[in-house]
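Report on one structure; see the data block that follows.
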Ligand SMILES: Cc1cc2nc3c(=O)[nH]c(=O)nc-3n(C[C@H](O)[C@H](O)[C@H](O)COP(=O)(O)OP(=O)(O)OC[C@H]3O[C@@H](n4cnc5c(N)ncnc54)[C@H](O)[C@@H]3O)c2cc1C
Ligand code: SF4
Ligand code: SF4
């Protein structure tokens, strides 16, 4: 399902170029619009489709196994925190709208800045604990599991 | 060539590849190294890079100790049986005891985790999987990594690690080039955490032509984690343990939620259950210890993924294909139908596109399943990767050399697909491994282990020349021919990739030979692999984008060669359904209940193979 770009909608802004994990959305130097330079390295991941501010990118099923005439469109709204999909079958008999949340928090505000977190103590450094542990493992006062606490040992040989 | 050399000096922790493992590493490194310089070098854009670019609909590794669900050792036992015994149980236990703390933080950062309305616990898909609305999983973890890192270099394809010249076998940073500007980037660093992901596109894919990008693991998973580590002389383990996946045909849509949550099941073309009839024959190959359907039925011990593949492959070869997933019952429930579609839109949109294109409505028609070409990675139901040290309080002496998740090269750490012997880590476990590696890397520096590192200009210049050689080669020989891509002096990256895929497919158990190989085939394959290596010296890249593909190919080649050596070394068929050694068609616990470890000498390219003991977690 490689991507293609509608001539009349693309303004060459480059958002798709910036995001494509496969480095295959490029701006054509003559027409100054984006296109997929290597469709057989496209994962139809929709990252570019979601990123395009003009909805200029669409997907057409891989020629070797997907017949023409279907449509899977998407609109991702960061502010509302939702993503909306519309799927239309080739025969037109099925037309689905699906909506899902993408985040429960305002963007970028709830990830911590660890530079400002209280520095770990020497005890903590010498322990097996990571940031926010042991609290965040079970969200109670329990400690980290160890071989000792769980009555286990490592033994060489065959065991099923 | 006019490309600039850009040197980033004085780095403490360099994270190479920021997918799930790398974002975890960058995030956590800041806590243990508040005054340290933390830098990310990533070949794409960390907001949407790696295997999780399009999102995920489940977190496949969550213990739920908080809800009284599982203990870490339960997960270890599960991974052990699923991988036919061949796992690093110290690393697995360590990952499992920390993984929940990562997931609880994801929820705090905004990742929508579904809750079971009755119990209030996270909505389970299966014993280990929880359901999420994970379209933005990657941008959310990227945000945390960006807040921690001093600098994020997007669009840098890292090609090599730098080695210290004052102490042998110690890392000193990495080099690569900018995929946009073409500039040469040098990162001098005290420690490096490689989290550059697993490998797709090593075996000839089932899809052809335009559809060749429709692989299960992302087409940009270039095996760079392995290529970089092998190239630096790090020891690798379990590289023979590639994975084959039973997935929806052509679209490769995941089946986990379908089996576990939607309770769909498989049948052959005649509508019959087929798996159980293959069990007696298979039991003779692997022994009752690994396949005991009655016991599995009684105790819910899973039947290993590879063995279920075996049944599917054999049923098809017996002429009773295709195998269907019976969705028509579950999909009558509109709620389950919606989940079935969301599951694809959240992580494999292509499957939804395919069903829309072929008018397959799973409510009225049971879709086809098939087995994929093999993949080399280490965080799903398979454990390829580097031979790493475990944590001090768990690991036996053979598995411990000082720092958690450190490879056999000093100061060089791994996370996610890069670490061997740790299957079933998935996204959350990979992130957790990144965190563990980051803490250990900071300790390594604080212990004074990274003092006196020296990198000469000669080393930097040598790598520079090597990196741009494919462009130089193109420039020199291009005008010898009129036009086109056929040139007696070079091959382009696509031509090289086609050759690699064909050779892995035919000699190392790909899909066209029904996953079969033997020592004769492997020896021929290895010879051809060496010749391909010579030809890769004559790779030609017309532009920077092709240069990216050239280096991805070189990493894939190094990975593949390791896979062949390991497959040849392990003289048994440990995972029927992933691959078969026709000359040793049984599980051989007497000789091969061991982990395989390899090292490629960076100077000579010679491989040495050894066996390492397999330790299991048992009651004290
Ligand atoms: C279709 C699919 C479905 C999955 N479903 C689930 C699921 O439901 N639940 C779950 O928990 N897990 C799931 N997984 C597994 C999960 O995605 C992986 O386990 C995890 O992403 C592995 O993490 P990693 O960091 O090793 O690799 P990745 O996340 O792939 O990260 C590797 C990073 O390295 C970068 N890189 C590669 N080469 C270079 C280079 N040369 N230089 C610089 N950077 C480089 C890449 O761009 C990328 O950012 C799924 C995976 C796939 C493909
Ligand atoms: S993001 Fe959209 S508008 Fe911008 S270059 Fe790409 S296709 Fe064109
Ligand atoms: S769908 Fe994904 S891989 Fe394909 S062009 Fe868009 S971003 Fe790139």
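For the pair region B:462-476 and region B:566-604, the centres of their Cα atoms are 37 angstrom apart. Can you give the percent of C-alpha pairs in region B:1-158 whose distance is more than 25 Å? Summing the P(r) tail past 25 Å for region B:1-158 gives 41 percent. Relative to the longest principal axis of the Cα atoms of chain B, the long axis of helix B:72-82 lies at roughly 80 degrees. Short-range pairs are left out: with C-alpha atoms under 8 Å and at least six residues apart, the relative contact order of chain B is 21 percent. Spatial offset of region B:227-282 relative to region B:14-48 amounts to 31 Å, using the alpha carbon center of each. Classify chain B from the C-alpha gyration tensor, please: rounded if a/c falls under 1.5, else prolate or oblate depending on whether a/b exceeds b/c. Rounded is the answer for chain B, as its axis ratio a/c remains below 1.5.
With a/c under 1.5 counting as rounded, go ahead and sort region B:411-510 into rounded, prolate or oblate using the C-alpha gyration tensor (a ≥ b ≥ c being the square roots of the eigenvalues; past the cut-off, prolate if a/b is larger than b/c, else oblate).
Oblate shape, in that a/c is at least 1.5 and b/c is the bigger or equal ratio.
Summed over qualifying helices (DSSP H, 4 residues or more, each -39500 (n - 2.57)) and divided by its residue number, chain A shows a 222 nm mean residue ellipticity of -2000 deg cm²/dmol.
Reported to the nearest whole Å, the Cα centre-to-centre distance from region B:50-117 to region B:183-213 is 25. Taking a ≥ b ≥ c as the square roots of the eigenvalues of the Cα gyration tensor, region B:457-588 is classed as prolate, since a/c reaches at least 1.5 and a/b is larger than b/c. Inter-label distance, residue B:335 to residue A:149: 3.6 nm, where each label sits 7 Å from its Cα along the C-beta direction.
Using the rule -39500 (n - 2.57) for each DSSP H run of four or more residues, divided by the residues of chain B, the 222 nm mean residue ellipticity is -11500 deg cm²/dmol. For region A:53-105, what does the relative contact order come out to in percent, with C-alpha contacts under 8 Å and a separation of six or more? So the answer I get is 26 percent.
Based on the Cα coordinates of region B:169-243, what is the per residue volume of their convex hull in Å³?
Taking only Cα atoms, region B:169-243 has a hull volume of 121 Å³ per residue.
Approximating the spin labels as points 7 Å out from Cα along Cα→Cβ, the residue A:11-to-residue B:7 distance works out to 4.4 nm. Estimated from the Cβ-Cβ distance and a Förster radius of 25 angstrom, the FRET efficiency linking residue B:619 and residue B:297 is about 0.55. Counting 0.36 nm for each residue step from residue B:277 to residue B:486 and taking away their Cα separation leaves a gain of 70.1 nm. For region B:246-371, would you read off the P(r) tail past 27 Å as a percentage of all alpha carbon pairs? The share of Cα pairs beyond 27 Å in region B:246-371 comes to 22 percent. Sorted fewest first by neighbouring Cβ atoms within 10 angstrom, B:114, B:609, B:84 come out as B:609, B:114, B:84. With angles folded into 0 to 90 degrees, how steeply does helix B:519-536 sit against the dominant principal axis of chain B? Use alpha carbons for both and round to 10. Between the helix axis and the principal axis of chain B, the angle is about 40 degrees. Here the extension length gained between residue B:318 and residue B:150 equals 54.7 nm, from 0.36 nm per residue of separation less the Cα-Cα distance. To the nearest 10 degrees, how steep is helix B:20-32 against the longest Cα principal axis of chain B, on a 0 to 90 scale? The angle comes out near 60 degrees.
FRET efficiency for the pair residue A:104 and residue A:73, taken as 1/(1 + (r/R0)^6) with r the Cβ-Cβ distance and R0 = 25 Å, rounds to 0.50.
Between residue B:527 and residue B:269, the simple spin-label model (points 7 angstrom out along Cα→Cβ) gives 3.9 nm. Within the protein assembly as shown, the proportion of C-alpha pairs whose separation exceeds 49 Å stands at 10%.
DSSP beta bridges fully contained in the protein assembly as shown are about 75 percent antiparallel.
Multiplying the residue separation of residue B:603 and residue B:458 by 0.36 nm and removing their Cα-Cα distance gives an extension gain of 50.6 nm. Estimated translational diffusion coefficient (Stokes-Einstein, Kirkwood radius over Cα pairs, 20 °C, 1.002 mPa s) of region A:3-101: 149 µm² per second.
None of the figures in this text is laboratory data; all of them are computed from the coordinates on show. A quick note: this is a predicted structure, and the numbers were derived from the prediction, not measured. All Cβ positions, glycine included, derive from the backbone under ideal geometry; neighbour counts span all protein chains shown.
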